[in-house]
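All remarks here apply to the structure that follows.
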Amino acid sequence: MEFGGDVNFWKSIVDRMLAGVIITDITMKYLYVNDVFSAVTGYGKEELKEMKITDLAHPSHLQQASEAIEKVMTGKSIRGEFMYLTKRGEKRCAFGFFTPYVYKGKVYAVGNFIDITYAKELEEKLKKSEEFYRSLIDNSSSPILIVQDGKFVFVNRILEEITGYTREELIGRNAFD
């Protein structure tokens, strides 16, 4: 199977990828965006071609977005989490990878993104749930302790009061001494 320089073939593949794909110039202006990137941002492809990366960056991540592209334009590949705003103003989170690409003497940034907003929301809910249950256990009027491999790994506040030992003194100590 020979595809060679069939631009339409390659464009068709990139447009159907599950990740958002972008190409920007040195000014951070979008030169190319695939269908996924257009869909997750809520902007049409032509609208995006009139915008820069910084136009979509969440205000709290504006400097991070600018610094990321600057690094890419100096030849470094980068990856990380980026906050952006959709056309409707929704705050979203993406994991992205940018790499430099030099073509005919000009440097471009090629980026791939996966929206991880849902995963981040679940992570936050789990964190709040853990904090809630930790607070319940720590403030229980009953002594609670966890022993693993014969050593204390957790003790609550009331156990400290009953034994007279601090958590720091108990954690890691042999429970059977």
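The values are calculated or read from the model by the stated rules, or taken from the named source; none is laboratory data. All values reported here derive from a predicted model rather than from experimental measurement. Using ideal geometry, Cβ is built from the backbone for each residue, glycine included, and neighbour counts are taken over all protein chains shown.
Are any of the residues in the stretch 109-118 more than 15 Å from Ala19 (Cβ to Cβ), among the aliphatic types (A, V, I, L, M), in the same structural domain as Ala19 (by TED's automatic domain parsing) and surrounded by fewer than 16 Cβ atoms within 10 Å (Cβ to Cβ)?
no
Residues that are without any contact (Cβ under 8 Å) to a residue 12 or more places away in the chain: list the helices (runs of 4 or more DSSP H) wholly contained in the stretch 44-157 that include at least 3 such residues.
By residue number, 62-73, 117-138.
Could we say that Glu160 is of a type in the set (Asp, Glu), surrounded by 13 or more Cβ atoms within 10 Å (Cβ to Cβ) and in a helix (DSSP H, G or I) here?
The answer is yes for Glu160.
Take Thr117 and decide whether it is among the polar types (S, T, N, Q) and closer than 30 Å to Ser77 by Cβ.
It is true that Thr117 is among the polar types (S, T, N, Q) and closer than 30 Å to Ser77 by Cβ.
Taking the stretch 33-56 as the search range and keeping residues that are of a type outside the set (Lys, Arg) and closer than 20 Å to Glu70 by Cβ, which one is surrounded by the most Cβ atoms within 10 Å (Cβ to Cβ)?
Among those residues, the one meeting the criterion is Leu56.
Looking at the stretch 24-35, which of its residues are in contact (Cβ under 8 Å) with a residue 40 or more places away in the chain, of a type in the set (Val, Ile, Thr) and not in a loop (DSSP other than H, G, I, E, B)?
Across the stretch 24-35, the qualifying residue is only Thr24.
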